[in-house]
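**Student:** My structure is below; once you've seen it, I'll send some questions.
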Amino acid sequence: MDITGGLHVRGLNVTAGEPPAAVAIASGITFDVRPGEAIAIVGESGSGKSLTAKAVLDLLPGNLRAGGEIVYGDHDLGQLPARERRRLLGRELALVMQDPFTMLNPVERVGAQITEPLEDEHGRRLDRARRRQEAEQRLREVGITDPAVVERYPFELSGGMRQRVGIACAIAQRPHLLIADEPTTALDVTTPHEILELLGGLRRTRDMALVLITHDLRVAFSVCDRVYVMYAGSVVEAAPAGELSAAPRHPYSLGLLLADPPVDRRVERLVGILGSVPVPGGRPTGCPFAPRCTFAQPACVSALPELVEIAPGHATRCRRIDEIGDELARRRREQAASAVIAPADVAPAPLVAASGVRKVFAARGRHGLPTVALDGVDVHVGEGESVGLVGESGSGKTTLGRIFVGLEHASAGSVAIDGVEVAGRRLTRADREAVRRTVQMAFQDPYSSLNPARTVGATIAEAVRLAGNDADLERKVTALLERVGLPAHYARRRPAELSGGERQRVAIARSLARGPRLVVCDEVVSALDVSVQAQILNLLRDLREELGLAYLFITHDLAVVRQVTDRVYVLCRGEVVEEGPTARVLDDPLHEYTQRLVASVPGATEPVPLLEDLGLT
Amino acid sequence: MTFRHPVLQFTARRLLAAALVVLAVSALTFSFIHLAPGGPEQTIAGRFATPEQLEGIRDSYGLDDPLPAQYADYLVHAVRLDFGNSISTREPVVTAMQDRLGVTAPLILGSFVLICILGTGLGTLAAYRKGSGLDRFLVGVAVTGASAPAFATAIILVFVFGVQLGWFPTFGDGEGLADRARHLVLPVIALTLVGVASMLKITRARVAQVLQEDHVTFARARGLRPSYIVGRSVLRNAGIQVVTQSGVILLALVAGGVLVEVTFGLNGVGALFIKAIEARDIPVIQAVSLLITLFIVLVNLAVDLLYFALDPRVRAQPAGARA
């Protein structure tokens, strides 16, 4: 097979259902991957990027259809018999999926999974010894040097290890093109960096082309040569990575860049994109971004603009680019150069304090060992102060948050909430009420933290009633909704009718219902798209200013910590390894673990390139 | 007992528990039979027996001894596989059971094997073709089969294949191996039809679910052989629920088997059990109920051990298995 041609996708459409009721998921997708090249397809959830990848590999679920032209090497894949097309999978085209916890067969040993498709020179299965030897060698290629891993089952490995095993499986037959669908999204803080390095390294040593599908522009820029930005089922901009970063030529690309909170400095205000991504079937007729675009004109709404090449290798689907191009570039420059905002340097009166807190979870099952989640942790949050709690999964950060709101109880140590000691004794009813008036919690997943059967109004009203005041319920609910930026009529809606960002606003409104002084925010933005994440971070900053709230911000995302906290604690395996003012900890980490965390943020060390640097002025 | 391996430990614990269950059930059946009014002496002596005759019989069978003593006596014999003689036929109980098992074991096990093969096979096929005409047909057959009780299916089979077409005998066990097999065809079909429905449904639902899972998509994306994907990715992962269901089905076959044996006039263990209850034939009742208890306990243990074989996650944490 001639693979010198690479992969060329022209006018790819993915539709759900049968015509005439078919709904377009992705339409007119066009992209090229030259041999050995790395491209990124970037988009928020609902952009159709993952299904585009599945369409290329002929792995669409049964109810979806693909149309258009997919040429790989000298084959038009659409014309190939299904059997021959399947033969290309794994051998020429390969896929790594997002979730390492579900991607591997849970009941098969790692070695067997890797070597299953391997054959010897005569097309026969390898013998036992050869398989073992190959498995060990394939694991070494992805950075796993312990040969015992061959005998392990996936559930015995960490997420990062599983993702490495997944990559070893995907590239076992030496494919020439690897599609990686959000390969780092489900991983812990320090591992994405390692996985991206691995993919980049494999690409070079194997001369393998890479298609990286991601929602994170920083990830795309750190690995890829060219970037395609997808929005609501269309490619809206295609450009070399450096050019896109310095001078985006579509308002949506700019919006994504501006919404992404920088990790190296605190900006005065994040710029979110208004509204949210439209669902397939509910997309506008003209430019899909027009309803959220500040540059939109009536002409934008009438018809979908073409993807037009405006410079070599740089194309945009914005019809007004000639008029607004300079303005887009100016805004990008402005943000990149925006001043560092130093957080207020005050020592407020303590509101909650944990000292020497230890939490041990009893052993699960007869043979399990007890888990030490927290081991002698000292954390305090002052009145009106925003404090970050950073760590990987298993570091105990969520457990500590839950102890502050009374969802868990410390096994040892002292926890004082506004002067009330809550650890190691039975609380009186009055004590419990006092704790709940002081501390409330907002959870990570806005899809599961709201009762789907109740209206938003009923959910918030319930929380207001718990505060012990039934008078003027409706007015209070309206006030809370407005406080989080939602119109009053949302009270009649149910969670299913809201977008992820709107749900998170409701969850925040609920946590405010009792007028708390501290809100424990447990990964409140990590399930949200970048553009929406910026809106919520801004909202949290505003609420703090207006209400004098204190936050305990539990997160794994250092950029988020930088934007919303004054002080930060770094938690590692149940112990605080470093604490201090956020700017100091992130700019000049002392502990080796913090250094590793900071170093693992993609693109953290590379400043945004300016147009002058690229010679494009 | 010091078994180091968690699976051995688990098995040892379960065997001990199984022994206790068997003991408890045998004690319960024993006391129920003996506490009920109208003892077995009536059956032996007939309706016109004099009180003296009854007294003699009670004496010779030891029926007037205290109940615990009788139970202890029964246990001592039972562990030596001596269940005494049937009161109505005078035949040793063990011999009677051996004869009857020659009919019942092929009936139950034959149906079970057919159910497993057809149920998982057709269920997998239906899941792969979900929404197609074939799928709808199979599900339709499954619903009909599951809704009809075994004896009703049996009567229809007797009428169509026995009476109308005359292909198969409809009554009795037959003589010799070939004839016995011919006599078992319709009973096995009747039992299979009922069981296959529930096996098909659970397999179809579970396989359809696994087919949606990431690891199957990933296996396809790697271009792995379809036979590997069906066997190792799909069925192995669907396995736990299917094995659980097969245990339930096997035990249901014991109950369904009794009805089918009676309908087809087979002299199996079920028919023996029913006759023994009618005749208050205590040794037979006790022996058969002990056999059924043992069977239930062993099937459950086998199901649990199969979990270990199928799923390494259960193996690592056996305490989490169904206790």
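None of the figures in this text is laboratory data; all of them are computed from the coordinates on show. Bear in mind that the values here come from a model prediction, so they are computed numbers and not experimental data. As a convention, Cβ positions derive from the backbone with ideal geometry for all residues, glycine included, and neighbour counts pool all protein chains shown.
**Student:** Quickly work out the B:R80-to-A:D588 label distance, labels modelled 7 Å from Cα along the C-beta direction, and quote it in nm with one decimal.
**Tutor:** That separation, rounded to one decimal, is 9.2 nm.
**Student:** Using DSSP to call loops (not H, G, I, E or B), can you name the GluC sites (Glu not before Pro) in region A:119-209 whose Cβ has at most 15 other Cβ atoms within 10 angstrom?
**Tutor:** Hits after loop and neighbour filter: A:E121.
**Student:** Now, a different point. Nearest 0.05, what FRET efficiency do A:E69 and A:V23 give at R0 = 22 Å with Cβ-Cβ as r?
**Tutor:** 0.55
**Student:** Another question, if that's okay. Between A:R432 and B:Q98, with labels modelled 7 Å along Cα→Cβ, what's the label distance in nm to one decimal, could you check?
**Tutor:** 6.9
**Student:** Explain nothing, just the number: relative contact order of chain A, from Cα pairs under 8 Å at least 6 residues apart, as a whole percent.
**Tutor:** That works out to 14 percent.
**Student:** Follow-up. Taking amide H atoms as placed 1.01 Å from N in the peptide plane, list the residues 5 or more away in sequence, or in a different chain, whose amide H sits under 5 Å from that of A:G382.
**Tutor:** Here A:L351 satisfy the definition.
**Student:** Compute the relative contact order of region B:96-322 as a whole-number percentage, counting only Cα pairs closer than 8 Å that sit 6 or more residues apart in sequence.
**Tutor:** 27
**Student:** Tell me which residues come under 5 Å, amide H to amide H, from A:A442 once H is placed; ignore anything under 5 positions away on its chain.
**Tutor:** Distant-sequence amide H within range of A:A442: A:V520, A:C521, A:D522.
**Student:** Please provide three numbers in whole Å: the alpha-carbon extents of chain B along the principal axes, with the largest listed first.
**Tutor:** Cα extents, longest axis first: 85, 63, 33 Å.
**Student:** Which three extents, in whole angstrom, do the alpha-carbon atoms of region A:219-331 cover along their principal axes, largest first?
**Tutor:** Principal extents (largest minus smallest coordinate, Cα): 41, 33, 27 Å.
**Student:** What full-extension length gain, to one decimal in nm, is calculated for A:S414 and A:D542 as 0.36 nm per residue of separation minus the Cα-Cα distance?
**Tutor:** Working: separation 128, 0.36 × 128 = 46.08 nm, distance 3.19 nm.
Stretched fully, the A:S414-A:D542 segment lengthens by 42.9 nm.
**Student:** In addition: Taking H as built 1.01 Å from N, whose amide H comes closer than 5 Å to the amide H of A:L126, not counting residues under 5 places away?
**Tutor:** A:D120
**Student:** Taking R0 as 60 Å, what's the FRET efficiency between A:E497 and B:F32 from their Cβ-Cβ distance, rounded to 0.05?
**Tutor:** Computed FRET efficiency for A:E497 and B:F32: 0.50.
**Student:** Something else: Taking DSSP loops as anything outside H, G, I, E and B, show the longest stretch in chain B free of trypsin sites (Lys or Arg not before Pro) there with at most 12 other beta carbons within 10 Å.
**Tutor:** My reading of the result: B:91-321 is the longest stretch.
**Student:** A further question follows. Can you pull out the chymotrypsin sites (Phe, Trp or Tyr not before Pro) in region A:401-480 whose DSSP state is coil and whose Cβ has at most 15 other Cβ atoms within 10 Å?
**Tutor:** A:Y447
**Student:** D for region B:233-323, whole µm²/s, Stokes-Einstein with Kirkwood Rh over alpha-carbon pairs at 20 °C and 1.002 mPa s: what number?
**Tutor:** Result for D is 141 µm²/s.
**Student:** Measure off 7 Å from each Cα along the Cα-to-Cβ vector at B:R90 and A:A303, then give the distance between these two points in nanometres to one decimal.
**Tutor:** 10.6
**Student:** For region A:358-473, with equal point scatterers placed on the C-alpha atoms only and solvent neglected, what are the log10 I(q)/I(0) values from the Debye formula at q = 0.10, 0.18, 0.19, 0.23 1/Å, to two decimals?
**Tutor:** -0.41, -1.13, -1.20, -1.36
**Student:** Could I ask something else about it? Stretch B:D64-B:F48 to full length: gain in nm at 0.36 nm per residue minus the Cα-Cα span?
**Tutor:** Working it through step by step, the gained length comes to 3.6 nm.
**Student:** Same structure again: Roughly speaking, what is the centre-to-centre gap between region B:187-241 and region A:75-141 when only Cα atoms are used, to the nearest Å?
**Tutor:** Taking the Cα centre of each part, region B:187-241 and region A:75-141 sit 22 Å apart.
**Student:** Hey, how much of the P(r) for region A:12-90 falls beyond 14 Å, as a percent of Cα pairs?
**Tutor:** For region A:12-90, the fraction of Cα-Cα distances above 14 Å is 65 percent.
**Student:** Tell me, in nm to one decimal, what length is gained between A:H489 and A:Q595 on full extension, where the rule is 0.36 nm per residue of separation less the Cα-Cα distance? Don't jump to the answer; show the numbers that get you there.
**Tutor:** Working: separation 106, 0.36 × 106 = 38.16 nm, distance 4.74 nm.
That works out to 33.4 nm of additional length.
**Student:** From the phi angles alone, apply the Karplus equation (6.51, -1.76, 1.60; θ = phi - 60°) to region A:389-406 and give each ³J(HN,Hα) in whole Hz, x where the residue is Gly or Pro.
**Tutor:** Karplus values, whole Hz, x for Gly and Pro: 10, 10, x, 7, 5, x, 7, x, 5, 5, 4, 5, x, 5, 5, 5, 8, x.
**Student:** May I pose another question? Which of the lysines could be linked to B:K130 by a straight reach, that is with a Cα gap under 20 Å, when you skip same-chain ones fewer than 8 residues away?
**Tutor:** Partners found: B:K201.
**Student:** Still on this structure, please answer the following. Just need the Rg to Rh number for chain A, please, alpha carbons only, Kirkwood Rh.
**Tutor:** 0.98
**Student:** With +1 on the Cβ of every Lys and Arg and -1 on the Cβ of every Asp and Glu, and nothing else charged, how large is the dipole of chain A about its Cα centre, in debye rounded to the nearest 20? Could you put the intermediate results ahead of the total?
**Tutor:** On the way: 73 positive and 80 negative charges, 366 e Å.
The dipole magnitude comes to about 1760 debye.
**Student:** While we're here: Excluding same-chain residues fewer than 8 positions from B:K275, which aspartates and glutamates have a Cα within less than 17 Å of its Cα?
**Tutor:** B:E41, B:E91, B:D99, B:D173, B:E261
**Student:** To continue, here is another question. Can you run phi through the Karplus equation (6.51, -1.76, 1.60; θ = phi - 60°) for region A:110-117 and list ³J(HN,Hα) in whole Hz, with x for Gly and Pro?
**Tutor:** With the stated coefficients, region A:110-117 comes to 3, x, 5, 5, 5, 8, 3, x Hz.
**Student:** Please compute the volume of the convex hull spanned by the alpha-carbon atoms of region A:113-269 and report it per residue in Å³.
**Tutor:** Value for region A:113-269: 150 Å³ per residue.
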